[in-house]
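**Q** The structure follows.
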Amino acid sequence: MAILVIWASPNMDGLTAAAKDNVVKGIMAAGGVTEEVHLNRQNIKQCLTCGDGWGLCQAEGRCVIRDDFRALYEKMVAAEAVVFVTPVYWHDLAECLKGFLDRLRRCETAHNHYLQGKECVLVACAGGTGLGAIQCLSNLEETLRHMGMKAIERLPVIRFNRDYMLPALNGAGQQLVKYLQNIFTK
Ligand SMILES: Cc1cc2nc3c(=O)[nH]c(=O)nc-3n(C[C@H](O)[C@H](O)[C@H](O)COP(=O)(O)O)c2cc1C
């Protein structure tokens, strides 16, 4: 089983990518297996609010739109844990992550409940003032909590802390593997 790392940013060499790389290196250093999904390269459309506002998501736990949503949902269900890494935009998550979670939440809370108790690590990267990084993490956690997912760490990376936070993300990746080994060997 792999730890799924879902990240979003249009910049392949920006702060979000650097944060993601450090978590991935940490996971691998501790002997974990990772799979990365770059959301900006996925074709995931926004919810159509089909039917009367409730569509197939409520009745059958699946979405009518044919795109990359379903495959990513299945990866999340299969993953040992999920790491989310997002830039902070307007004190909030990247739009592509928000759009994915909007559709996921409908299928999960209305029908499936496959992700109940799934552990996750949340990372928000702000290159500006840093204002909104905590709110971004809080918004992300609230959406995941609505689906019964369990955040075990929340990490803001801002201009002030990036020099010590990027190495700390490596530590977070390592710690996640140790944490998962502990729960799976209990
Ligand atoms: C549309 C937009 C909105 C942003 N909003 C915020 C913000 O609310 N707070 C903040 O500190 N930085 C904000 N930023 C700065 C980004 O969080 C910062 O550049 C981040 O590092 C982007 O990640 P990247 O290096 O992967 O592009 C914003 C940037 C963009 C493009």
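**Q** Identify all residues within segment 20-44 that are basic (Lys, Arg) and farther than 18 Å from Leu97 by Cβ; write none if there are none.
**A** Lys25
**Q** Within segment 161-182, how many residues are exposed (fewer than 12 other Cβ atoms within 10 Å of the Cβ) and hydrophobic (A, V, I, L, M, F, W, C)?
**A** 0
**Q** Same structure, new question: Only one residue in Leu155, Leu101, Leu115 is within 14 Å of the ligand (Cβ to nearest atom) and either in contact with a helix residue (DSSP H, G or I) (Cβ under 6 Å, 6 or more places away or on another chain) or over 18 Å from Val37 (Cβ atoms) (or both), so which one is that?
**A** Of Leu155, Leu101, Leu115, the one residue that is within 14 Å of the ligand (Cβ to nearest atom) and either in contact with a helix residue (DSSP H, G or I) (Cβ under 6 Å, 6 or more places away or on another chain) or over 18 Å from Val37 (Cβ atoms) (or both) is Leu155.
**Q** Which of the following residues is without any contact (Cβ under 8 Å) to a residue 24 or more places away in the chain and within 16 Å of the ligand (Cβ to nearest atom): Ala94, Ala71, Ala8, Ala17?
**A** After ruling out the rest, the residue left standing is Ala17.
**Q** While we're looking at this one, here's another question. From Ile27, Ile44, grab the single residue that is among the hydrophobic types (A, V, I, L, M, F, W, C) and part of a loop (DSSP other than H, G, I, E, B).
**A** After ruling out the rest, the residue left standing is Ile44.
**Q** Something else: For segment 158-186, how many residues are within 16 Å of the ligand (Cβ to nearest atom) and farther than 20 Å from Pro87 by Cβ?
**A** Summing the residues that are within 16 Å of the ligand (Cβ to nearest atom) and farther than 20 Å from Pro87 by Cβ in segment 158-186 gives 0.
**Q** For Gly32, state whether it is more than 16 Å from the ligand (Cβ to nearest atom), in contact with an Asp or Glu (Cβ under 9 Å, 6 or more places away or on another chain) and at positive phi.
**A** Taking the combined requirement at face value, the residue does not satisfy it.
**Q** Tell me which residues, restricted to segment 131-152, are more than 18 Å from Asn22 (Cβ to Cβ), surrounded by 14 or more Cβ atoms within 10 Å (Cβ to Cβ) and within 12 Å of the ligand (Cβ to nearest atom).
**A** Gly132, Ile134, Gln135, Cys136, Asn139
**Q** Looking only at segment 118-130, filter to residues that are within 9 Å of the ligand (Cβ to nearest atom) and outside any strand (DSSP E or B); which one of those is farthest from Val64 (Cα to Cα)?
**A** Per the criteria, the residue is Thr129.
**Q** Can you go through Val82, Val88, Val37 and tell me which one is touching a strand residue (DSSP E or B) at 6+ places or on another chain (Cβ under 8 Å), within 25 Å of Gly117 (Cβ to Cβ) and either without any contact (Cβ under 8 Å) to a residue 40 or more places away in the chain or within 16 Å of the ligand (Cβ to nearest atom) (or both)?
**A** Val37
**Q** As an exercise: evaluate Ala81 against (1) over 13 Å from the mean Cα position of the chain (by Cα); (2) surrounded by 19 or more Cβ atoms within 10 Å (Cβ to Cβ) and give the number of the one condition it does not meet.
**A** (1)
Where a number appears in this text, it was derived from the coordinates with a stated rule and is not lab data. All values reported here derive from a predicted model rather than from experimental measurement. In this analysis, Cβ positions are derived from the backbone assuming ideal geometry, glycine residues included, and neighbour counts consider all displayed protein chains.
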